[in-house]
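A.B. asks: Right, I'll just put the structure down here and ask away after.
The values are calculated or read from the model by the stated rules, or taken from the named source; none is laboratory data. As the structure is a computational prediction, the values presented were derived from the model and not from experiment. Every residue, glycine among them, receives a Cβ derived from its backbone with ideal geometry; neighbour counts consider all protein chains shown.
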Amino acid sequence: MHFPRQLEAAGLAEEIREALDVRKIRLRPEGEMEVPVLSISPSLTNAIRKAGMQRRIRFGFDDIAEKLASEKKGIDHVSRQMNTQQKDRISRLLLFSNDGAERLCRHIEQILTGHSGRILGCQLDIDGETLGRLLTGGSVGIKVILVEHKDAVSDILRALIKNDQ
């Protein structure tokens, strides 16, 4: 798994990989896909809020799936035209709460499988109501978000290795 170039160039990739490997869970009991579980820290909270204020977060599963499909179509088109294959590099984060239903977990698994190589899925150790408060300040429950910009992705991944847990 390759991270955004700025993290690789700064020599942080291995430390981030280690942080992601600390705790993993299976998305579904009968599934095989494991995802990292991220503990909420002040740095992670700030990085997610910053991404939200910069409008680099997309909400709503249908909107997320549509956006990723559109991007994939464009990437595939460019690859065919240039007769090359894109190198896998994480450029998106799919973050989700720890209280998703079985159906939502199946959809998350489909998204992660269909866009593997460029999207990293992580479960946050908070419920949807808390995630909603974190992002909106209100009582709106949010179960899944897509972090869409490499700078926001880098900020969030960098937050995982700060020592403020």
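A.B. asks: Only one residue in Leu68, Leu112, Leu93 is assigned to a strand (DSSP E or B) and closer than 27 Å to Val37 by Cβ, so which one is that? Can you show your working first?
C.D. replies: Working: Leu68 fails: assigned to a strand (DSSP E or B); Leu112 fails: assigned to a strand (DSSP E or B).
The match here is Leu93.
A.B. asks: Can you name every residue in the range 18-46 that is in a helix (DSSP H, G or I), exposed (fewer than 14 other Cβ atoms within 10 Å of the Cβ) and not acidic (Asp, Glu)?
C.D. replies: Pass one, the range 18-46, residues in a helix (DSSP H, G or I): 18-21, 42-46.
Subsequent filtering for residues that are exposed (fewer than 14 other Cβ atoms within 10 Å of the Cβ) retains 18, 21, 42.
Once the filter is applied, which keeps residues that are in a helix (DSSP H, G or I), exposed (fewer than 14 other Cβ atoms within 10 Å of the Cβ) and not acidic (Asp, Glu), the range 18-46 yields only Pro42.
A.B. asks: Conditions first: (1) more than 21 Å from Ile48 (Cα to Cα); (2) touching a Cys at 6+ places or on another chain (Cβ under 9 Å). Phe96 passes all but one, so which condition is the exception?
C.D. replies: Checking Phe96 against (1) more than 21 Å from Ile48 (Cα to Cα); (2) touching a Cys at 6+ places or on another chain (Cβ under 9 Å), the one that fails is (1).
A.B. asks: Let me ask something else about it. Suppose the filter is surrounded by fewer than 12 Cβ atoms within 10 Å (Cβ to Cβ), out of contact with any Cys (no Cβ under 7 Å at 6 or more places or on another chain), of a type in the set (Gly, Ala, Ser) and under 20 Å from His149 (Cβ atoms); does Ala9 pass it? It would help to see each step written out before you state the result.
C.D. replies: Working: surrounded by fewer than 12 Cβ atoms within 10 Å (Cβ to Cβ): yes; out of contact with any Cys (no Cβ under 7 Å at 6 or more places or on another chain): yes; of a type in the set (Gly, Ala, Ser): yes; under 20 Å from His149 (Cβ atoms): yes.
For Ala9, the condition - surrounded by fewer than 12 Cβ atoms within 10 Å (Cβ to Cβ), out of contact with any Cys (no Cβ under 7 Å at 6 or more places or on another chain), of a type in the set (Gly, Ala, Ser) and under 20 Å from His149 (Cβ atoms) - is met.
A.B. asks: Quick one: is Ala51 surrounded by 15 or more Cβ atoms within 10 Å (Cβ to Cβ), of a type in the set (Gly, Ala, Ser) and modelled with pLDDT under 95? Lay out the reasoning, then the answer.
C.D. replies: On the way: surrounded by 15 or more Cβ atoms within 10 Å (Cβ to Cβ): yes; of a type in the set (Gly, Ala, Ser): yes; modelled with pLDDT under 95: no.
In short, no.
A.B. asks: Is there any pair with a first residue in the range 1-14 that is over 17 Å from Val35 (Cα atoms) and a second that is surrounded by 14 or more Cβ atoms within 10 Å (Cβ to Cβ) and among the basic types (Lys, Arg) whose Cβ atoms are under 6 Å apart and which are 6 or more apart or on different chains, and what are they?
C.D. replies: Cβ pairs passing all conditions: Pro4/Lys150.
A.B. asks: In addition: Output the residues belonging to the range 110-143 that are surrounded by 14 or more Cβ atoms within 10 Å (Cβ to Cβ) and within 21 Å of Lys73 (Cβ to Cβ).
C.D. replies: Ile111, Leu112, His115, Arg118, Ile119, Leu120, Gly121
A.B. asks: What number goes with the only condition from (1) at pLDDT below 95; (2) under 16 Å from Leu93 (Cβ atoms) that Val37 does not pass?
C.D. replies: (1)
A.B. asks: Moving on to the next point. Can you tell me how many residues within the range 47-62 are assigned to a helix (DSSP H, G or I) and closer than 16 Å to His149 by Cα?
C.D. replies: First, the residues of the range 47-62 that are assigned to a helix (DSSP H, G or I): 47-53, 61-62.
With closer than 16 Å to His149 by Cα added as a condition, the list becomes 47-53.
Looking only at that region, the number is 7.
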